[in-house]
Amino acid sequence: MLVALVTLLVCAAVLALAVRWLEPRFAFFPDAGESETPRSYGVTYAPLTVATADGEQLRAWLMRAREPRATVVYFHGNGGNLSLWASILAGVARHGYSVLAFDYRGYGVSTGRPTERGLYRDVDAVLGRVVETREPGVPLIYWGRSLGCSMAAYAASVHAPDGIVLESGFPDARAVVRSSPPLAFLALFSTYRFPAAALMERVRAPALVLHGDRDSVIPFALGRALYEGIPGPKQFVSIRGGDHNDAVPADQNEYWGAVERFVSGLPRPSRP
C-alpha cells in the first residue's frame, strides 16, 4: 500500500507539473509584431506606450471620436494581437466611440510573457493611462471580449466605470475547461482562474452581456451563466447566428442596437 500511495503521489505531482506547463499554452495564443492598424480601416489613431509596474512596455492605440458617445477601454481576447483586432476596434470607433485598446504583455510589440497575474498588472497600468486620456462629460465603458471579459471585470472591480460590456465571455476558466471533456482533467490542477463572475460581484455599474447563439468556442450556456452571476443592473442580448470570432456581427442591427441602447441609458458624468 505504501508503494501504491507513493506512486499515486508521484503521478499527481507529475500531472500537476504537466498542467502548469500546459495551461499558458491553452490560455494564450499571442502573435508577434504589428501588421495592420486602425488606419488600415480608415480610422485615425495615436500609438501609445504604457509602462507597467514590473517593467514591461505595452503597445496601445488611442482613437478619439469628434463628439464621443462614450470612452471605451477595450480588452481583447486571448488570440493574435492588436492587428488581428484592428477591424473590430475600428468598427467600434466608427460608431462614435473614443477607443483605447492595448496588447497584453507578450502580444504584438508589447514586451514580456503572458500570465494571468501579469495581465492584471497590465490592466492596472492601462487604468492609470485612462485617467489621463478619457474625455470629461462622457461615460466610461470597459468592453471585454472572451478572455478580455475577465480583464474588464477586474478593471471594473479596481476603478469603477459608468458601464461594462461583456461579449462572448465565461464565468471562470474552470467552467470553460469542464465544458470540453478532453481537457477536463486540467481543472483539477490548474492555477489559472480568470474569475469574471466572481469579480463582477464587486461591480455595481450597469452591465451588457452579449453572446452569439452559435458560439463554437465558448458555449452559449457559459455566457448565460456569467450573466446570472452579476448582482448589479444588467441586460443579456443573444446575437442570432453569432459565432465566437466574428469580425463583423452576424446581426449588425441587433448587435449595435443593443450597444447603443445600453450606452444611451447610462448617466452622463458631470464635467469638472
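Using a Gaussian network model of the chain whose springs link C-alpha atoms within less than 10 Å, name the residue from Ala93, Ala160, Ala221 with the highest mean-square fluctuation. Highest fluctuation of the listed residues: Ala221.
Estimated at 0.36 nm per residue, the fully extended path between Ala198 and Arg268 surpasses their Cα-Cα distance by 22.5 nm. Quick check on the chain: of the DSSP beta bridges with both residues there, what percent are antiparallel, nearest 5%? Within the chain, antiparallel bridges account for around 25 percent of the total. Put simply, the C-alpha atoms of the stretch 2-264 give a gyration tensor, and the ellipsoid matching it has half-axes of 32, 21, 17 Å, longest first. Summing charges over neighbours of Gly169, with a neighbour being any other residue whose Cβ is under 15 Å away from its Cβ, gives -3 when K and R count +1 and D and E count -1.
For the stretch 2-264, with the dipole built from +1 on Lys and Arg beta-carbon atoms and -1 on Asp and Glu ones, taken about the Cα centre, which of Gly33, Val50, Val237 lies farthest toward the positive end? Positive-most Cα among the choices belongs to Val50. For Phe75, the residues whose modelled amide H falls within less than 5 Å of its own, excluding neighbours fewer than 5 places apart on the same chain, are Trp143, Gly144, Arg145. Percent of alpha carbon pairs in the stretch 222-270 separated by more than 15 Å? When every Cα pair of the stretch 222-270 is considered, 57 percent fall beyond 15 Å. Taking a point 7 angstrom from the Cα of Gln57 along the C-beta vector, which residues in the stretch 91-108 have backbone N less than 15 Å away? Hits in the stretch 91-108 for Gln57 at 15 Å: 103, 105-108. Each listed q (0.10 Å⁻¹) maps to a log10 I(q)/I(0) for the stretch 84-168, found by the Debye formula over equal Cα scatterers with no solvent: -0.24. One decimal place: the segment Gln235-Ser216 gains 4.6 nm when fully extended, by the rule 0.36 nm per residue minus the C-alpha distance.
Readers should treat all values here as calculations from the given coordinates under stated rules, not as data from a laboratory. Since the model is a prediction, treat every value here as computed from it, not as a measurement. Every residue, glycine among them, receives a Cβ derived from its backbone with ideal geometry; neighbour counts consider all protein chains shown.
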